[in-house]
1. Over 14 Å, how big is the tail of the calculated P(r) for segment 23-64, in percent of all Cα pairs?
2. Under 17 Å from the 7 Å Cα→Cβ point of GLN127, by amide nitrogen: which residues of segment 148-184?
3. For segment 5-103, what is the convex hull (Cα atoms) projected area averaged across all directions, in square nanometres?
4. Could you calculate the FRET efficiency of LEU177 with ALA81 from 1/(1 + (r/R0)^6), where r is the beta carbon distance between them and R0 is 25 Å, rounded to 0.05?
5. Where a Cα-Cα gap under 29 Å defines reach, which lysines qualify for LYS144, not counting those fewer than 8 residues away within the same chain?
6. Could you tell me the relative contact order of segment 1-94? Use alpha-carbon pairs under 8 Å, at least six residues apart, and round to a whole percent.
7. Using packing as a proxy for protection, rank 70-83, 26-39, 123-136 so that the peptide with the highest average count of other Cβ atoms within 10 Å comes first.
Amino acid sequence: MTSLAIGTSAIRELDGLYSLNDLHAASGGETIKRPNQFLRNEQTQALVTELETAQICAVKTKEGRNGGTYACRELVIAYAAWISPAFHLKVIRVFLDASAEATSTDATTPPRPIAPIDVRGLLLKGQIEPTVPCPADLKNAIDKRAWMLAGEAFELIRAHLLRRAAYSGEFGTPRTLNVENAMSAIMRGDLGDALALEFDQKLANMRHALTFYLHQGNELLKEMDRVRAS
């Protein structure tokens, strides 16, 4: 999917990340300015670590169709600055314009709070309390079925916790695991928080805040342009 353009060059987007390969082409395509050279830079490595500490997916490599290296906005802007001041300014303006256009109506509204899900309420809603004694064969069947469903839930919850640990604990390139961060992450919240997509909401809130500051920056940039022109 293409959501941005630098001049006449379309910039592909993948899961909220932008193609560094397309940006490289848009900048003129100098060999020494390839994305892999930028990602080897010590300052870039430090920036990636900081972004991932803040639970932001900084960079992703995709094979096959639409393959290449994709990066978050912050890393895209840093890449543009590494290429040249002129290209840096061009990319900043594109992001600011896109953000102002997309969020002009809600840029100043606060993020919505995370609402946990009442798991007990969902499971018992629409049911009735038993009033007739349960025969042994039915009780045994219920117990057996409950264990089967609990087993399915265990596998899903385990997979969720593994992903939560990776999301909060993996950093850098090459990837390493901060066990303390991962342990802290898996101990937070309850099943209702997991079902409420807590981490998706946190990421959305972070993006909302970033959009707000980009919007404010765009307004400041316009004001500076007006002052220079006067």
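FYI, it's all coordinate maths here, none of it is from the lab. In this text the structure is predicted, and so the values were computed from the model without any measurement. Please note: Cβ atoms are built from the backbone with ideal geometry, for glycine as well, and neighbour counts cover all protein chains shown.
1. Counting every Cα pair in segment 23-64, those more than 14 Å apart make up 59 percent.
2. 148-154
3. Averaged projected hull area, Cα only: 6.6 nm².
4. Calculated value: 0.25.
5. LYS125
6. Contact order relative to length: 27 percent.
7. 70-83, 26-39, 123-136
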